[in-house]
Ligand code: T4K
């Protein structure tokens, strides 16, 4: 294993990379292959590949039980699921949403000509600040979309209170939050509906997949129609619809993944705790916390780099990439600085000081079942060395 004795040992300054192959954030959890192939064989034997097949129905039943909601509707991915939920809820005009999220949250609105009005986030939780939401409500506002960023739940009750008082629809983008709780209740049952992602990079994965959870019978029925072209029966279309269906292959993976969820979460928690122990007390760097009174999936390990640290977040990212550690700046630079939003609302940054600051500080580290103690220790060693030698490293990086 390489030693880090002097700055030149860093790969960015000519040393050998710490890892031979790239270490990714978001490496998929695989689960029990035998169970997966068993399901694939059943699917092929029965020749039922999509359109509300048995695995999709089983996945919907099992997730509804786990989330303690009346209805779960599986979808091809969370982006289309968000679009369908937004439409089924009758959102239009303007909808309040954080900019500190993956761009799909905003796109799901803009795609159907609804203006996302970006709201700042709370400086501690990095989730929608309910007081800031209330200030943005105007005559065209029809809804709020909260995001449980990195699996840390929004203040769902405060947002529900704002929504209720102003007659707004409330949807949660719960893409990161499968297996998490808010005030002891599973995320999934809050607001009018919640949308999960089962993308390959998520804690439960269906290759590509999404899930809409709701306790509203009429809404669930409408969502089911909308994700299947609006068909209410053979030859009978009752709404404008789309193709948002999940395939049986995806549902087979989703079910297999769900069976291993507790193991995945245990690995994530072990990695998270190891990172915390390794990086404890390191000046200029902080691992974001999860509320241990709640259930967390620990799927993201996020560090905040102090803007006053010797080395900048972006220089640190470059140094880590040179070591084959592909850390990510989720969700830099914020949706408001991406197209079409930066053109449509060029002054948004001024309203979003916390978002701006957070997006400039964070890095997501590799974790999940593809990262064991050696990987966590390797990443931590590089981080420690770079932070402790921050000024010297920064001065070497600017030199031509
Ligand atoms: N809302 C929120 C808050 C979200 O975070 C997301 C998705 C959505 C909505 C929409 O959900 P979906 O429509 O996707 O169901 C990735 C994912 O593609 C995206 O699903 C996810 N959020 C986002 C946080 O991460 P990118 O642009 O970072 O993808 P990419 O290709 O750079 O891959 C991420 C990392 O994972 C890389 O380090 C490589 C690694 N990877 C990826 C795949 C697909 C693997 O190792 N193996 C793989 O198979 O968006």
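Where in the range 158-258 are there strands (runs of 3 or more DSSP E), lying wholly inside it, with at least 1 residues that are within 16 Å of the ligand (Cβ to nearest atom) and in the same structural domain as residue 40 (by TED's automatic domain parsing)? Before the answer, list the steps.
On the way: elements: 169-173, 193-197, 210-214, 231-233.
Per the criteria, 169-173, 193-197, 210-214.
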Single unsatisfied condition, residue 272 versus (1) part of a helix (DSSP H, G or I); (2) modelled with pLDDT under 95: (2)
Residue 67, sole failed condition from (1) surrounded by 21 or more Cβ atoms within 10 Å (Cβ to Cβ); (2) under 17 Å from residue 173 (Cβ atoms); (3) within 16 Å of the ligand (Cβ to nearest atom): (3)
Residue count for the range 220-238, restricted to those that are in contact (Cβ under 8 Å) with a residue 12 or more places away in the chain and more than 18 Å from residue 71 (Cβ to Cβ): 2
In the range 88-110, the residues that are crowded, with 22+ Cβ neighbours inside 10 Å and closer than 20 Å to residue 221 by Cα: 88, 89, 91
Hits in the range 125-141 (condition: outside any helix (DSSP H, G or I) and crowded, with 16+ Cβ neighbours inside 10 Å): 125, 126, 127, 128, 129, 137, 141
Test: residue 243 is touching a residue at least 24 places away in the same chain (Cβ under 8 Å) and surrounded by fewer than 21 Cβ atoms within 10 Å (Cβ to Cβ): yes
Failed item, numbered, when residue 116 is tested on (1) free of Cβ contacts under 8 Å to residues at least 24 places away in the same chain; (2) within 16 Å of the ligand (Cβ to nearest atom): (1)
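The values are calculated or read from the model by the stated rules, or taken from the named source; none is laboratory data. For clarity, every value in this text was computed on a predicted model and none was experimentally measured. Cβ: placed from backbone, ideal geometry, glycine included. Neighbour counts: every protein chain shown.
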